[in-house]
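Reviewing the structure listed below.
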Amino acid sequence: MKGTNESILRAGQPHPLGLQWDGEGVNIAVFSEHATKIELCLFSDDGEKETARLALPEKTGPVWHGYLPGLLPGSLYGLRAHGPFAPEQGHRFNPNKLLLDPYARALSGRVVAGDTTLGYDPAAAEEDLSFSTKDSAAEMSKCVVTETPAAVSPGERPNTAWADTVLYEAHPKGLTQLWERVPPPLRGSYEGLGADPVLEHLTALGVTAIELMPVQAFVDDRWLVQKGLVNYWGYNSIGFFTPEPRYFGPGGLAGFRETVRRLHGAGIEVILDVVYNHTAEGDQTGPTLSFRGLDNASYYRLQQGHARYYVNETGCGNTLNVAHPFVLRLVIDSLRWWVEAMGIDGFRFDLATTLGREAQGFDAAGGFFDALRQDPVLAGVKLIAEPWDLGPGGYRLGAFPPEFAEWNDAFRDGLRKFWRGNAHSAQEIAERLLGSASTFDRDGRRSWASVNFAACHDGFSLADVAAYAEKHNEANGEDNRDGHHENYSDNCGVEGETDDPEIRLRRAQRQRNLLSTVFLAQGTPMLLAGDEIGASQQGNNNAYCQDNKISWIDWSSVDNTLLGFTRRLIAFRKTHPCLRQSWFLHGGERRQDGESDVAWLGFDGNPVNWSDPGLEGFCLLLRESAEAPAYATDGDVVFLVFNGCFKPVTAQLPPLSGDRVWVRALDTAQPESSRAVCSGRTQTIPAQAVVAFETGTVL
């Protein structure tokens, strides 16, 4: 252990919460409304020997606190809480269980998924009503005393406007684990994300923000470990201030911070996928790791009249009680820490509906959203909601406050249906192409609120959408029962891998069609890492427990045609302001020229017959929104043709004034073709293809 603990623990202060080193010692403040005593436990440098237990001497309101001189950064510690063990009343105090400080900034070691961390005796007939006398310290992570890092300079941040944002969802390990150009010591680590080959790839692609799957400290579920698996995705948090140690590179925590700095230097923002809806402690049969042992009745939502059991609107066993002021404070404090200390630019909130639940149900004006929106630090970062949970009325797409963007799964499902030829799907995807205005255009929201994607971590990868009609999750050990049952996918004739050249060509074009629909739509586009090179998960649509080649991106097998096309597609979007507008388009008349801001046309140039049940495609003429302010006036115009037919069609090009001509800029059937000036008023559109036209001038 570094430093000494010979001094008597002093009174200390109730604020700030957690353990803070001030250069001479540490102040420790712990919230627990129902505990009768809180102890600070110190450990040897290797974490194997508990060297001291010191009772916090003061309590101010519900906060226990003390000050210990002489303790230095690098020292290991934990907490123990005394109080009633009365599960039927919601209390599960057990001082035999070492607990993590909810405000810990770093952890040493990993939690062992064994019986010792359980607060009860699993062999007892009373199950979780029994009391365990086993000490869990040997199987627990230890908290680490850290110095307070310097605040990130505002000038470091890219501050990319929402309208210009291109999201890239990636796993912190899987992105680089198999990337041979990344230095071996950095592969699969946070520092690997900032390696030169990664930065070069992302900037060449046109990405403006990397959205990282959970990096907050998490625990492998016991039942997964027993099957020889792990919680690869990481949606099982236990430390809200602590980067998950398993992804540290040579530089440790400093390496994480340096990676954020390097991404910022490349103009790329960093957004974290955060899990505040539940914790790794699970239901009443789960382990006692932190919150449950410190104050179960405060930290979790318990069933009314049955406090032994948890409200489970997350499907993960418990629901964090963010309506409690100190739990809400914990969440807001942790978000602020990631922004100020680590330089994070935004957050994607997992199962965000849960965070907005009040006594009467979901409330977009509830306490969590109010706290988030008024915070002077958090009000300026990007906020993204996963707009659903498993509770009653849990699907809330479009219901979040105006500051939020939302993952739009209706866009994903709609575009998959359209490109596999579902009836009535053309009408649905047309709605999605304009930012799902009927869903989001309210309360001053902008079109960027719709986060559009063809694939994300949860479900088939882009390549698998075109190669599998059924999920293949056998490796998960659940007899293929897990994962989404309806993926709106199409194997194009053969399930899985094939050498048939026609099927391979069809699949490649299907992938380009899906990506083109994402990047040519109004809203915020999101690309799943690896989709740009045709990465597959072998038909697994729920690879949450696959820390192996099923999930890791294979950079030795790159579809260069798809990669080149994706780069051109994103560049095309960036070139044309009318494709990335903040304002919605409703067919209004533009004040500058009297033209409509959007026009839907059939292939013959006449208005689309939306009542046609067999509609298989349409044309879309885009200009800047009539709702845009006068200073935003722009002459940009784009003509898009979406042909869902399984045969070529002839499309009529709209007339242009003056010396302007139409230029065929992108064609998913000819991904490597160069721009070509169109001669005549008609163009042949290949079967099952997207073609994009821009204007040019004849010299």
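The values are calculated or read from the model by the stated rules, or taken from the named source; none is laboratory data. The shown structure was predicted, so the numbers you read here are calculated from the model rather than taken from an experiment. Positions of Cβ are backbone-derived with ideal geometry, glycine not excepted, and every protein chain shown enters the neighbour counts. Side chains included, ligands, DNA and RNA excluded: accessible areas come from the protein's heavy atoms. Shrake-Rupley method; radii C 1.70, N 1.55, O 1.52, S 1.80 Å.
Observations on the structure shown:
- Hits in the range 648-699 (condition: open to solvent by 80 Å² or more (accessible area, probe 1.4 Å), aliphatic (A, V, I, L, M) and not in a loop (DSSP other than H, G, I, E, B)): V677
- Selection status of A163, part of a loop (DSSP other than H, G, I, E, B) and surrounded by fewer than 21 Cβ atoms within 10 Å (Cβ to Cβ): no
- Set side by side, the residues L186, L118 differ, and just one is under 24 Å from the mean Cα position of the chain (by Cα) and either exposed (fewer than 15 other Cβ atoms within 10 Å of the Cβ) or not charged (D, E, K, R) (or both), which is L186.
- Tally of residues being polar (S, T, N, Q) and open to solvent by 40 Å² or more (accessible area, probe 1.4 Å) across the range 216-238: 1
- Those residues of the range 324-342 which are in contact with a strand residue (DSSP E or B) (Cβ under 7 Å, 6 or more places away or on another chain) and over 21 Å from F31 (Cβ atoms), in sequence order: none
- Applying the set (1) within 30 Å of V608 (Cβ to Cβ); (2) touching a residue at least 40 places away in the same chain (Cβ under 8 Å); (3) of a type in the set (G, A, S) to G414 leaves exactly one unmet item: (2).
- Residue match in the range 296-308 (condition: farther than 26 Å from A113 by Cα and of a type in the set (K, R)): no
- Pick from the range 633-647, criterion out of contact with any Gly (no Cβ under 8 Å at 6 or more places or on another chain) and part of a loop (DSSP other than H, G, I, E, B), ranking: most open to solvent (accessible area, probe 1.4 Å): K647
- All conditions in (1) surrounded by fewer than 20 Cβ atoms within 10 Å (Cβ to Cβ); (2) within 22 Å of F349 (Cα to Cα); (3) not polar (S, T, N, Q) hold for E281, with the sole exception of (1).
- Scanning the range 131-149 for residues that are open to solvent by less than 90 Å² (accessible area, probe 1.4 Å), in a loop (DSSP other than H, G, I, E, B) and either out of contact with any strand residue (DSSP E or B) (no Cβ under 9 Å at 6 or more places or on another chain) or more than 21 Å from R308 (Cα to Cα) (or both) gives D135, S136, M140, S141, V145, T146, P149.
- Sole exception among (1) touching a helix residue (DSSP H, G or I) at 6+ places or on another chain (Cβ under 8 Å); (2) within 14 Å of D464 (Cα to Cα); (3) surrounded by fewer than 24 Cβ atoms within 10 Å (Cβ to Cβ) for Q511, by number: (3)
- Any hit, the range 109-130, residues being of a type in the set (A, V, I, L, M, F, W, C), at pLDDT 95 or above and part of a helix (DSSP H, G or I): yes
- Qualifying residue in the range 49-62 (condition: over 23 Å from P243 (Cβ atoms), open to solvent by less than 20 Å² (accessible area, probe 1.4 Å) and either without any contact (Cβ under 8 Å) to a residue 40 or more places away in the chain or assigned to a loop (DSSP other than H, G, I, E, B) (or both)): yes
- Hits in the range 389-406 (condition: over 21 Å from V339 (Cβ atoms), of a type in the set (A, V, I, L, M, F, W, C) and touching an Asp or Glu at 6+ places or on another chain (Cβ under 8 Å)): L390, L397
- Within the range 291-312, residues that are over 20 Å from V219 (Cα atoms) and open to solvent by 20 Å² or more (accessible area, probe 1.4 Å) sit with their Cβ atoms under 6 Å from residues that are among the charged types (D, E, K, R) and at pLDDT 95 or above, at 6+ positions apart or across chains, in these pairs: R308/E88; V311/R301.
So that you can scan it fast, the table gives a plain yes or no per residue for (1) open to solvent by 40 Å² or more (accessible area, probe 1.4 Å); (2) among the β-branched types (V, I, T); (3) in a helix (DSSP H, G or I); (4) in contact with a His (Cβ under 7 Å, 6 or more places away or on another chain):
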| site | (1), (2), (3), (4) |
| --- | --- |
| V198 | no, yes, yes, no |
| V207 | no, yes, no, no |
| P214 | no, no, no, no |
| F240 | no, no, no, no |
| G249 | no, no, no, no |
| G255 | no, no, yes, no |
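- The set of residues in the range 467-490 being open to solvent by 30 Å² or more (accessible area, probe 1.4 Å) and not acidic (D, E) consists of A469, H472, A475, G477, N480, R481, H484, H485, Y488.
- Of all residues in the range 268-318, those satisfying the criterion of being part of a loop (DSSP other than H, G, I, E, B), more than 19 Å from the chain's Cα centre (by Cα) and of a type in the set (S, T, N, Q) are Q284, T285, T288, S290, Q304, N312, N318.
- Filter result (charged (D, E, K, R), out of contact with any Phe, Trp or Tyr (no Cβ under 6 Å at 6 or more places or on another chain), open to solvent by 50 Å² or more (accessible area, probe 1.4 Å) and in contact (Cβ under 8 Å) with a residue 40 or more places away in the chain) within the range 594-632: D604, E616
- Filter result for P172 (within 22 Å of N231 (Cβ to Cβ), in contact with a Phe, Trp or Tyr (Cβ under 8 Å, 6 or more places away or on another chain) and either outside any loop (DSSP other than H, G, I, E, B) or at pLDDT 95 or above (or both)): yes
- Test: residue in the range 91-100 that is assigned to a loop (DSSP other than H, G, I, E, B), touching a strand residue (DSSP E or B) at 6+ places or on another chain (Cβ under 9 Å) and under 30 Å from I268 (Cβ atoms): no
- Scanning the range 257-267 for residues that are among the hydrophobic types (A, V, I, L, M, F, W, C) and part of a loop (DSSP other than H, G, I, E, B) gives a single hit, A266.
Per-residue answers, yes or no, for (1) over 20 Å from H171 (Cβ atoms); (2) of a type in the set (K, R); (3) surrounded by fewer than 21 Cβ atoms within 10 Å (Cβ to Cβ):
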{"position": "R506", "(1), (2), (3)": "yes, yes, yes"}
{"position": "L520", "(1), (2), (3)": "yes, no, no"}
{"position": "G539", "(1), (2), (3)": "no, no, no"}
{"position": "W552", "(1), (2), (3)": "no, no, no"}
{"position": "G564", "(1), (2), (3)": "yes, no, yes"}
{"position": "A571", "(1), (2), (3)": "yes, no, yes"}
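- Filter pass, Q581 being among the polar types (S, T, N, Q) and open to solvent by less than 20 Å² (accessible area, probe 1.4 Å): yes
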